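Visitor: After the C-alpha cells below, expect a handful of questions from me.
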There are 4 protein chains.
Amino acid sequence: MVRAVVMGASGFAGIQLVHILLAHPEMELVAAASDSLAGQPLAKAYPAFAGITDLAFCTVEEAKAAEAEVAFLALPHTASLSMAAELVAAGMAVIDLSADFRLKDASVYEQWYGVPHTERALLEGAAFGLPELFGEGLAQAHERWSRGEAVVVGCAGCYPTATSLAAAPLIRAGLLRAGATVVADAISGVTGAGKKPSARTHFCTVNENLSAYGVTTHRHTPEIEQILGLQGRLIFTPHLAPLQRGLLSTVTMPLADDAELASIASAQELYRAFYEGCPFVEVLDAGEQPQTSSVVGTNRAHVGVAFDGRTRSVVATGAIDNLGKGAAGQAVQCANILCGFDETAGLEGAALPV
Amino acid sequence: MVRAVVMGASGFAGIQLVHILLAHPEMELVAAASDSLAGQPLAKAYPAFAGITDLAFCTVEEAKAAEAEVAFLALPHTASLSMAAELVAAGMAVIDLSADFRLKDASVYEQWYGVPHTERALLEGAAFGLPELFGEGLAQAHERWSRGEAVVVGCAGCYPTATSLAAAPLIRAGLLRAGATVVADAISGVTGAGKKPSARTHFCTVNENLSAYGVTTHRHTPEIEQILGLQGRLIFTPHLAPLQRGLLSTVTMPLADDAELASIASAQELYRAFYEGCPFVEVLDAGEQPQTSSVVGTNRAHVGVAFDGRTRSVVATGAIDNLGKGAAGQAVQCANILCGFDETAGLEGAALPV
Amino acid sequence: MVRAVVMGASGFAGIQLVHILLAHPEMELVAAASDSLAGQPLAKAYPAFAGITDLAFCTVEEAKAAEAEVAFLALPHTASLSMAAELVAAGMAVIDLSADFRLKDASVYEQWYGVPHTERALLEGAAFGLPELFGEGLAQAHERWSRGEAVVVGCAGCYPTATSLAAAPLIRAGLLRAGATVVADAISGVTGAGKKPSARTHFCTVNENLSAYGVTTHRHTPEIEQILGLQGRLIFTPHLAPLQRGLLSTVTMPLADDAELASIASAQELYRAFYEGCPFVEVLDAGEQPQTSSVVGTNRAHVGVAFDGRTRSVVATGAIDNLGKGAAGQAVQCANILCGFDETAGLEGAALPV
Amino acid sequence: MVRAVVMGASGFAGIQLVHILLAHPEMELVAAASDSLAGQPLAKAYPAFAGITDLAFCTVEEAKAAEAEVAFLALPHTASLSMAAELVAAGMAVIDLSADFRLKDASVYEQWYGVPHTERALLEGAAFGLPELFGEGLAQAHERWSRGEAVVVGCAGCYPTATSLAAAPLIRAGLLRAGATVVADAISGVTGAGKKPSARTHFCTVNENLSAYGVTTHRHTPEIEQILGLQGRLIFTPHLAPLQRGLLSTVTMPLADDAELASIASAQELYRAFYEGCPFVEVLDAGEQPQTSSVVGTNRAHVGVAFDGRTRSVVATGAIDNLGKGAAGQAVQCANILCGFDETAGLEGAALPV
C-alpha cells in the first residue's frame, strides 16, 4: 500500500479524495489535513462517514509528518505553490488539484491569477494531469517516480476536462477550420463553487435559477486553450444550474473546408478511435446525448458528438462529475498511473442508475 | 372588456394564459377550452386556482361559440393551422403560440415540421409576435383589427425570444462579422417540455441532471435565423436543466473587423439605446449577468452583454420565463398591442424577489 | 394611501413585504430600511426589482423619519422589542413579524427566547396576527387605530400559522380527546432558514436532503400551544426539505370518545363551516391533499382533512407559503384589517398554476 | 459465486439490484429480466451502465431458465405471488421486494391489497426481510437454504424499514405507554413513486412542492403495525418531497408512566445498545439529526433520538435510501445472510460526502 495524504481535505474536492482513498485497494490514506477542522472526526463534518471511518482531520503539519509517499493537494489556487515545493523536498510525489501547476507558461498564470509563480522549476517539470490527452507526460512521471525523483502532477480543472475531452478528437485530427474560434458553453453544479457559504451558494440563490458567470474572464479559458492549442481562439462561458454535482460542456467547432468529415457516423468513428482503450471515456451512440447524472460519483466521462451539415460544424458535448473526473477522481487516476497501479484502481464504480 | 378564449387551455402555456387573463384589466376570459378536461373545474387540475375561480374547462366547440373577439391558441404545432383559419373566418383575432405562423417561408416550415402548410394566405398576412423586434408589424395588425379585418399573430417561440433579444441589438447595428456563424447555447426549465408525462419529464430523469437535446436539429433554429437574418449561420443547442421555469440563452457573436465597439461600456450603451422605451426588457449593468429567477412568473426579459477583447466577440445573454415572455406573457403583450391597450396591461407584476 | 415603512427590508420576509407593498392599492411604501444595505438600490440586491422600482434601501434612522403611519418590523427576534416601543411612541402602528409580541405570557417568552421581555405593557395590548383565528383582537386593534391609539400586532409565525389553520376547527369544536397530546410534523422550504449564508443553507447541504431539526426544542412550540390551548400537550417537529418556499404541517389529533365525528364528510363539513367567509383559506375536497406549490407567492392556505376510523383520529394538513401567509402576506392582511381596507387588498394574486 | 437473477429489473428497485449485484463479490448476476425492455442493453435504458456492462435485459422466461440459485423479485404487488411459487418449485431461493410475503396474516393482506393471497403456505414459511429486527428468522432461512429447502424472504418496505428502525428499540424495551397510539410522519423522494411516468411523477408536479398522500390509507400501515406489534395503534402519514432518493421517518412515541427513561442520554444508550453489532445502523450523537443525503446510494440507516421531557415522549427519526436499505440494499443484505456470506458483502460503500 502506498501511503497517501490529502491536504485541504475538508473542502469538496478534498473530501471526495478522502471518499475515494478510503476504499482504494492500493493506497492507504494516512492523513486528511484541514487546519480549520483539525481534531474533528470526518463523520462530524460529513456524516456520510458515520460508521465508515473513525478518522479525524489533522493539521497540515501533522500530515507532513505522516511519512506519506503521495500527497494530494486540494488547496486554493496559489496555496499549492510553496506547499508543493516543500512536500517534493520532503520526498513526496505531489498531485495538485489547483491551477498552480497547470499553465506551462508562467506568465499566463501570472496574468490570469494575478500572483507571481514562485516555483517555475517545478512547473517546468510538472506533468499535466489529464491522462486521456497527456498520457505520455504521466508515463514519464511514472518513470521518474520509479527512480525516486521529484514528481508534480498539475491536474486539469473541471471545465477544461469536460471541454477538452469533447473537443480534442476533432482538433487533434486537424479538422478544425484554420484560425476559427471555438465556443465552449458549459454548465456546472454548485459543488463547483466550493464549500464556503456565500450569497452565491445559498440554496435560495441557486435553486430554480440559471445564470452565466465569469463571462469572458473565467480562468479556465487559458487552460483550455493550452490543452487544445487554441491560444486566443476560445470563447468560454460557464453557467451555474441548480444541481449538486455534474458538469456539461458543449463545444461548437467549425470544420476545415477540406475536412473529410461528412456525417455523424464518421465523426463518431473518429471519436471512438480516439478513445479506444480509455477505460473512463464513453462515446455515446449517434443521437444520444450525455447526461451528467450518468457519471455522478464516478471518474467517468460521457461524450456525444453531432454533425451539422448546414453550417459544417461539429457540436461535441462532454459530461463529467465535476468532483470526480473533474477533480478527485482524475487526481487518483493520475496517482494510479504515477504509482504503476491499474489506472482504474479505486475508481471502478458506476453511477447510481437513477 | 374584450372577450377572450384560450384554446388548449390545459397545457402549460394555456394555463399560464388563463392565469394572466383572469387578472387582466381589459380582457375577460370567457372560455378555457380543453377537450380532454372539458367539464373539469380548473381548480381540480390546477389547484392554484382553488378559491380563485370556479371556471371549468369547456370543449373547443363551446369555446368557438363563446362570442370572443380574441382567441389565444396554445395548441400543438400543426393543430393551429385549421383552427386559426376557422376562427378568423368567424371574425376572431388569433394569437397563435404554436410555430404554425412564425416562419414566413412556408417551405422552411414544411422542411422543419414535416407537414404541408395549408394556410399560406393567413401566414403571409400574419404579424410576428415579438414586439420589441417587430413592433411595426404589430402596429399594422392593430390597424387591421381596428378596421375589423382578419388578424393572425404568430408569437415567437421561447428559445427564439431569449436568443433574439440577446442578439438583435448587435446584429441589427451591423456589427456582426460578415458571414460569421453565431453560436447560441440555451438552457431551459422543464415546463418547456410540456405537460405530458414521459420518461423525459419524470422527476427522476431530470433532477440532478444536465443534457443537451435536439443538437443541430431543433426546430427553433430556422426561426432564430429568420428573426436575426442569419440564414444558414446559426448553431443552436438547447439544454435541459432541473428547474421548472426559466430559460437562458447565451449567444456568442464575432465582431466585424471594422466594428467600432471596443469595450463593454460601448456594447452596453448600444443595447440600452436599442431597448429604450421597451417596458419588459432590462439591460443589466456591466459585470452583471441575468438570472432566470429574476423574471419567473413575469413577461420580463433580462439581458446581459459582455465584450471579449481577446477574440473580438460579444457574448450576450438573455433570461426569460419560458412560459412568460417565452409564451403566454408575450401572447398577451401582443394582444394588448393588437387591441390598443397599454402594452403592459395585465403584465405588470414583478418576480418574487426570492 | 397609508404610508408604510419596512424595517429589516433586506431579509427574506422583509423583501417579500416590499414586493407586496409596492403593488398595494391602499398603502404606499415610503421606506425600505436595512442598515447593512443602506444606499443600495433594491434591484441590486434583488434583481427581480430591476425595471420595477428605483427605490434604494435606506437606514433605519431615515425610515423612522419617513412620516409613516404603519411600520412593518421584519427584524430578528428580540430586536423588535425596543424598536416597536420607539415607533409606537412616535405614533406609528406596528406590525411585528418577530416572536416578540406573540407569546402572551412574558415568562414563556423569556424561557424559550432566553432574554427578558422589556415591553410588557405593549405585549399586553398587542393583537395576535392570525386573522382567521383571532379576528376579534384585530377588529379591536382597528378600533384603536381609528381612535389614534397605539397599536401593535404580533403576527403568527410560519409553522404556527399552518399548524393552527389545520388544527383549529377540530380543537375549537371540542372534538380533541381530553388531555391528549397532538403531534405536528411540519416541513419547510429553505427561505424559512433566512438569508444569511451558512453551512446549513448552502445549496449542497440542503439539496437532495431531508432532515428534522429543533426536535423537541423549536420555539414555535409554545406559540402553537397558546393558539390552540394545548399547553404542554404538543409535540412539534419541523423538517427541512429541498425547496425554496412552501410549508406543510401535518397534525394528528385523537378524537374525544364522544366526538360526533364519524367520517371524512363530517370532518370536512366542520372545517368548511369554520372557514366560511375566510378569503384566504381553502378546505380541499375529500381525498385531496394540499400541495404547497398551489399557494406559493400568495397569502393563501390550503387545508386538507382526513378521518381515520381505525384509530379514531383526524389527520389535518395545512399548506402555506412560509413567506406569504407565514410571514409577509399575513402581516399585510393584518395591516389591511387594522387600517380598515378590504382584507384582500394587495393580496389577490393566485399562485402560478405550474 | 452464487448465481442470481433479477425479475422486474427495469424498474427503479430492480435496476438498483442490478447495480449492486454487478459489483457483488459473491454473487453473479446471470439475468436481468424485463419483458418490456427485453433485448435492450441495460446501458440504453440506464446510461450509467455505459462502459460498465454489456448485459441486456432478457425476458422473464429466459431468466427462469438461467439456472440461478437466488431470484430477486422486484415486481409489482400481487405479481410476486405466482412467480415466487414457480421459482421456489424450480429450486430457487426467492427474495421478494413486493408486499406479497410481508404480512403474516393473509386476511390483512387481502384487506389492504384487495386481492386473495394465493400462496399461504409459502407465506407461512417466509422469513421477514429486516435483518436488524428479525435476524432469527433469517438465520433459520439460512439453515433451510443450507439444507436445500425452499426459502422465501419477504423484504420489508421502505417506510416500514425507516419507521421501524427508529421505533423498535424503544418499543421492544417496553417503554411505550400502554395502549398509546404512535404517530409516524415520513417523507420520501420521488424514486419511491416508481418509474412509470405520470402526472404525479412529472418534474413540474413534484418540484418545489410538498404534499401528504395516502393519508390514513397507505398500505405500509399494517406492515409497520405488524413489525412493531402496534395493531390498530399507528397513524402513518407519508409525504412526497422534491428529491430523488432518501426517506426520513419521524416517529413520536409517548412514554409509559413508569418508563425509566429520563434523558436524551439514556434514550441514546438504549438505542446504541440495541444496534450494537449491526453494521448498517448508526445511532447519531445527541443533538444530531439524520440527513438522508448521508445514506443515499448505500444500505445504511441513520437513526436519531430525542427526548421530550415536557410531554414525556421520544421523537425518533430514521433516514435511509428508499432504494437502498428501503429496497435493493436490504434485499441483498437478506440474500447475504441467506447464503452465509458476510452480511455486508457488496454493500460496503459510503454515501458521497457531498
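Visitor: Between the range D:24-63 and the range A:106-141, how many Å separate their Cα centres?
Guide: When both Cα centres are located, 43 Å separates them.
Visitor: I need the peptides C:181-189, C:16-24 ranked by packing, meaning the mean over residues of other C-beta atoms within 10 angstrom, with the highest value on top.
Guide: Details: C:181-189: 28.6, C:16-24: 24.2.
Answer by packing, highest mean first, reads C:181-189, C:16-24.
Visitor: Of the beta bridges DSSP finds with both residues in the protein assembly as shown, what % are antiparallel, to the nearest 5? Each step should come with its number before you reach the end.
Guide: Values: 106 of 230 bridges.
Given both bridge residues lie in the protein assembly as shown, the antiparallel proportion sits at roughly 45 percent.
Visitor: Let me ask another. Whole-Å semi-axes of the range C:202-354's equivalent ellipsoid, largest first, each the root of 5 times a Cα gyration tensor eigenvalue? Display every interim value, and only then the final one.
Guide: Values: eigenvalues 127, 101, 57 Å².
Largest first, the range C:202-354 gives 25, 22, 17 Å.
Visitor: Within the range B:176-262, which GluC sites (Glu not before Pro) sit in a loop by DSSP and count at most 14 neighbouring Cβ atoms inside 10 Å?
Guide: Numbers: sites: B:Glu208, B:Glu223, B:Glu225, B:Glu260; in loops: B:Glu208, B:Glu260.
Here the sparse-neighbourhood loop sites are B:Glu260.
Visitor: When each copy gets a label point 7 Å from Cα toward the beta-carbon at C:Asp35, what are the spacings between them in nm, shortest first?
Guide: With the label placed 7 Å along Cα→Cβ, C:Asp35 yields 3.3, 6.6, 7.2 nm.
Visitor: Also: For the pair D:Ala89 and B:Ala79, how long in nm is the line joining their label points, each one 7 Å along Cα→Cβ?
Guide: 4.9
Visitor: Same structure, new question: Can you tell me the alpha carbon radius of gyration of the range D:210-255 divided by the globular rule-of-thumb value 2.2 N^0.38 Å?
Guide: Details: Rg = 11.8 Å, N = 46, 2.2 N^0.38 = 9.4 Å.
Here the answer is 1.25, to two decimals.
Visitor: Within a 10 angstrom radius of each residue's Cβ in B:308-321, how many Cβ atoms of other chains show up on average? Whole number is fine.
Guide: Details: counts 9, 1, 11, 10, 2, 4, 2, 8, 1, 6, 0, 5, 0, 1.
Average neighbour count from other chains, rounded to a whole number: 4.
Visitor: For the range B:1-56, what size does the Cα cloud have along each of its three principal axes, sorted from largest down, in whole Å?
Guide: 27, 23, 18
Visitor: Now, a different point. Can you flag which of A:Lys44/A:Lys325; B:Lys325/D:Lys196; B:Lys64/B:Lys195; B:Lys104/B:Lys195; A:Lys196/C:Lys195 are past 22 Å Cα-Cα?
Guide: Values: A:Lys44/A:Lys325 26 Å; B:Lys325/D:Lys196 32 Å; B:Lys64/B:Lys195 24 Å; B:Lys104/B:Lys195 28 Å; A:Lys196/C:Lys195 15 Å.
Over 22 Å apart, Cα to Cα: A:Lys44/A:Lys325; B:Lys325/D:Lys196; B:Lys64/B:Lys195; B:Lys104/B:Lys195.
Visitor: Run a plain Debye calculation on the range C:45-111 (Cα atoms as equal point scatterers, no solvent) and give log10 I(q)/I(0) at q = 0.26 Å⁻¹, rounded to two decimals, same order as the q list.
Guide: For the range C:45-111, the Cα-only Debye profile gives -1.15.
Visitor: Put the label 7 Å from Cα along Cα→Cβ for C:Glu348; what are its distances to the other copies, in nanometres, shortest first?
Guide: In nanometres, ordered from closest: 1.0, 6.7, 6.7.
Visitor: If you don't mind, there's one more thing I want to ask. Volume per residue, Å³, of the convex hull around the alpha-carbon atoms of the range D:84-225? Could you put the intermediate results ahead of the total?
Guide: Details: hull volume 20.5 nm³, N = 142.
Spelled out: Cα convex hull of the range D:84-225, divided by residues, is 144 Å³.
Visitor: What FRET efficiency, computed as 1/(1 + (r/R0)^6) with R0 = 60 Å and r the Cβ-Cβ distance, is obtained for A:Thr53 and B:Glu124, rounded to the nearest 0.05? Display every interim value, and only then the final one.
Guide: Values: r = 72 Å, r/R0 = 1.20.
For R0 = 60 Å, the calculated efficiency reads 0.25.
Visitor: Take C:Gln231 and C:Arg147, extend 7 Å from each Cα along the Cα→Cβ direction, and tell me the distance between the two endpoints in nm.
Guide: If labels sit at C:Gln231 and C:Arg147, their model points lie 2.9 nm apart.
Visitor: A follow-up question, please. Using a Förster distance of 56 Å, how high is the FRET efficiency between C:Ala139 and B:Asp257, based on the Cβ-Cβ distance and rounded to 0.05?
Guide: Once the sixth-power term is evaluated, E becomes 0.15.
Visitor: Take the Cα pairs of the range B:1-110, get the Kirkwood Rh, then feed it into Stokes-Einstein at 10 °C and 1.306 mPa s and tell me D in µm²/s. Don't jump to the answer; show the numbers that get you there.
Guide: Details: Rh = 14.1 Å.
Rounded to a whole number, D works out at 113 µm²/s.
Visitor: Report the Cα-based extents of the range D:161-232 along its three principal axes, largest first, to the nearest Å.
Guide: Result, largest extent first: 45, 19, 19 Å.
Visitor: Right, next: So the label point sits 7 Å from Cα along the Cα-to-Cβ vector; using that for D:Arg233, what distances do you get to the other copies, in nanometres, sorted shortest first?
Guide: 2.0, 7.8, 8.0
Visitor: Which whole-percent values make up P(r) of the range A:194-281 when all C-alpha to C-alpha distances are grouped in 5 Å steps starting at zero?
Guide: Over the range A:194-281, the share of Cα pairs per 5 Å bin runs 2, 10, 13, 17, 17, 15, 13, 6, 4, 2, 0 percent.
Visitor: Any chance you could get the radius of gyration and Dmax over the Cα atoms of chain C, in Å?
Guide: Considering chain C through its Cα atoms, Rg and Dmax are 19.7, 62 Å.
Visitor: Using a 10 Å cut-off around each Cβ of peptide C:187-197, what is the average number of partner chain Cβ atoms that fall inside? Please list the in-between numbers first.
Guide: On the way: counts 9, 1, 8, 5, 6, 1, 3, 2, 5, 3, 10.
The per-residue average across the peptide is 5.
Visitor: May I pose another question? Of the residues C:Arg177, C:Arg233, C:Arg310, which exhibits the maximal mean-square fluctuation in a Gaussian network model of chain C defined by a 10 Å Cα contact cut-off?
Guide: Looking only at C:Arg177, C:Arg233, C:Arg310, the biggest GNM fluctuation is shown by C:Arg310.
Visitor: Hey, in the GNM for chain B with a 10 angstrom Cα cutoff, which one of B:Gly91, B:Gly14, B:Gly214 fluctuates hardest?
Guide: Comparing B:Gly91, B:Gly14, B:Gly214 in the GNM, the peak value goes to B:Gly214.
Visitor: Then there is this: What is the mean number of Cβ atoms from other protein chains located within 10 Å of the Cβ atom of each residue in peptide B:233-240, rounded to a whole number?
Guide: Working: counts 2, 3, 12, 4, 10, 1, 9, 4.
Mean shielding count: 6.
Visitor: Per DSSP H run of n ≥ 4, the term is -39500 (n - 2.57); total these for chain B, divide by its residue number, and report the mean residue ellipticity at 222 nm rounded to 500 deg cm²/dmol.
Guide: Details: 12 runs with 107 residues, N = 354.
Result for chain B: -8500 deg cm²/dmol, rounded to the nearest 500.
Visitor: OK, next. Once Rh is set to the Kirkwood radius over Cα pairs, what Stokes-Einstein translational diffusion coefficient, in µm²/s, holds for the range C:29-79 at a temperature of 10 °C and a viscosity of 1.306 mPa s? Provide the component values of the computation, followed by the final result.
Guide: Values: Rh = 11.6 Å.
The diffusion coefficient I find is 136 µm²/s.
Visitor: Multiply the residue separation of D:Arg3 and D:Glu62 by 0.36 nm, subtract the distance between their alpha-carbon atoms, and state the gained length in nm to one decimal. Don't skip to the answer; put the middle values down first.
Guide: Values: separation 59, 0.36 × 59 = 21.24 nm, distance 1.41 nm.
Taking D:Arg3 through D:Glu62 to full extension adds about 19.8 nm, to one decimal.
Visitor: Obtain the nm distance between the two label points defined at A:Glu348 and B:Arg272 by a simple spin-label model: each point lies 7 Å from its Cα along the Cα-to-C-beta direction.
Guide: Distance between the two pseudo-spin positions: 6.2 nm.
Visitor: Please state the equivalent ellipsoid semi-axes for the range A:288-338: what are the square roots of 5 times the Cα gyration tensor eigenvalues, largest first, in whole Å? Intermediate values should be presented prior to the final figure.
Guide: Details: eigenvalues 154, 30, 9 Å².
They are 28, 12, 7 Å, listed from largest to smallest.
Visitor: Suppose the Debye formula is applied to equal point scatterers at every Cα of the protein assembly as shown; what is log10 I(q)/I(0) at q = 0.04 Å⁻¹?
Guide: The computed values of log10 I(q)/I(0) come out as -0.24.
Read-outs: derived from the displayed coordinates by stated rules, not from any lab. Quantities reported herein were computed from a predicted structural model and do not represent experimental measurements. Note that we place each Cβ from the backbone using ideal geometry, even for glycine, and neighbour counts take in every protein chain shown.
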